[in-house]
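Structure record follows, encoded as structure tokens.
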Amino acid sequence: MNAPMVKTEVRGRVALITLDRPKALNALNNALIDELGEALRKFDSDENIGAIVLTGSDKAFAAGADIGAMQDWNYIDVYKQDYLGGNWEALMRTRKPVIAAVAGYALGGGCELAMQCDFIIAADNARFGQPEIKLGVIPGFGGTQRLPRAIGKAKAMDLILTGRMMDAEEAERAGLVARVVPVERLLDEALEAAETIASYSLPSVLMAKECVNTAYEGALAETLMFERRNFHALFATEDQKEGMKAFVEKRKPNFKHR
Ligand code: CAA
């Protein structure tokens, strides 16, 4: 049996879920995502839990979807498995509040995972970005939809089209992040916020979350599917193969624009 990539712990009425795949900077593969989905479902249905904190390491919340795993996939591979559906969307089905405690890299699917949480508390060393364009693809896990809602069209276009990263301070100014704290305070700050939430009446907490999401999400379900299918379509290009292989081979991609 493989070592778990997701660790869980209960502290009073708060559940802590830690992504733990350090050698790959918590790159998200299907196995990790299945473990995460299982943990979320367990805590969401546990009457003794009132709030959840999702975190990574000091170096990386998550550096994105696993590029090595994706590099050889073609359009039909990703379409048939509906890649980035299923357990990848477990956070969207979690009714209890989930706080993302983000230190280090939150890139690509890592940034998208953090944005699926109810709010983000960032360490001062956090770096956010959607660098998929450098791989010959686009964000496929909500980035093109949630980022503009969170930080506005101009900055979202800037990040998604250039692939640049933004630091914690810029992310807070832009509205992506609720609070920035020194990295050594991150977990305590997130756990304290979660404890506060968990001390309130659960029905009112659940309804508050649902109502805010209603205001925020609008037609999100359809637009997310539009994004996902376009992400899938890019696996029919030569440039997706080249972009992902170049990352794995630690070289610059040579895009042919087809
Ligand atoms: N997938 C697979 N492996 C990854 C990874 C990823 N997304 N990100 C990092 N790793 C691996 C590296 O391959 C490396 O492994 P080895 O030691 O075996 O070579 C290890 O993690 C450490 O990474 P680096 O040596 O690159 O560390 P660094 O400190 O020099 O750079 C980084 C850190 C800037 C985050 C760099 O790793 C990086 O650019 N990662 C990729 C970021 C990215 O492109 N994310 C988007 C992925 S696509 C996606 O997420 C699609 C979607 O919408 C869901």
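Only residues that are touching a Cys at 6+ places or on another chain (Cβ under 9 Å) and either within 14 Å of E112 (Cα to Cα) or among the small types (G, A, S) (or both) were counted in the stretch 51-67, giving 4. For the stretch 69-106, a tally of residues being over 20 Å from K209 (Cβ atoms), in a loop (DSSP other than H, G, I, E, B) and among the β-branched types (V, I, T) returns 0. Residues in the stretch 100-116 that are touching a Phe, Trp or Tyr at 6+ places or on another chain (Cβ under 6 Å) and of a type outside the set (G, A, S): V102, C111, E112. Across the stretch 118-148, the qualifying residues are those that are near the ligand (Cβ under 7 Å from one of its atoms) and of a type in the set (A, V, I, L, M), and the one among them that is least open to solvent (accessible area, probe 1.4 Å) is V137.
The residues on offer are F235, F247, F226, and the sole one that is open to solvent by 90 Å² or more (accessible area, probe 1.4 Å), within 22 Å of E112 (Cα to Cα) and within 13 Å of the ligand (Cβ to nearest atom) is F247. Selection within the stretch 45-68: residues that are near the ligand (Cβ under 7 Å from one of its atoms) and among the aliphatic types (A, V, I, L, M). The member of this set that is surrounded by the fewest Cβ atoms within 10 Å (Cβ to Cβ) is I67. Contact map, the stretch 53-66: first residue at positive phi, second residue more than 7 Å from the ligand (Cβ to nearest atom) and at pLDDT below 95, Cβ cut-off under 8 Å, separation 6 or more or different chains; the map is empty.
So, T8, is that one surrounded by fewer than 21 Cβ atoms within 10 Å (Cβ to Cβ), more than 15 Å from the chain's Cα centre (by Cα) and assigned to a strand (DSSP E or B) or not? So T8 fits the description; yes.
What's the total number of residues in the stretch 71-109 that are among the aromatic types (F, W, Y) and in contact with a strand residue (DSSP E or B) (Cβ under 9 Å, 6 or more places away or on another chain)? Count: 3.
The values are calculated or read from the model by the stated rules, or taken from the named source; none is laboratory data. Keep in mind the model is a prediction, meaning the values are calculated, not measured. Virtual Cβ from ideal backbone geometry, glycine too; neighbours counted across all protein chains shown. For the accessible areas, the whole protein counts, side chains as well, though only heavy atoms, and no ligand, DNA or RNA atoms are used. Shrake-Rupley method; radii C 1.70, N 1.55, O 1.52, S 1.80 Å.
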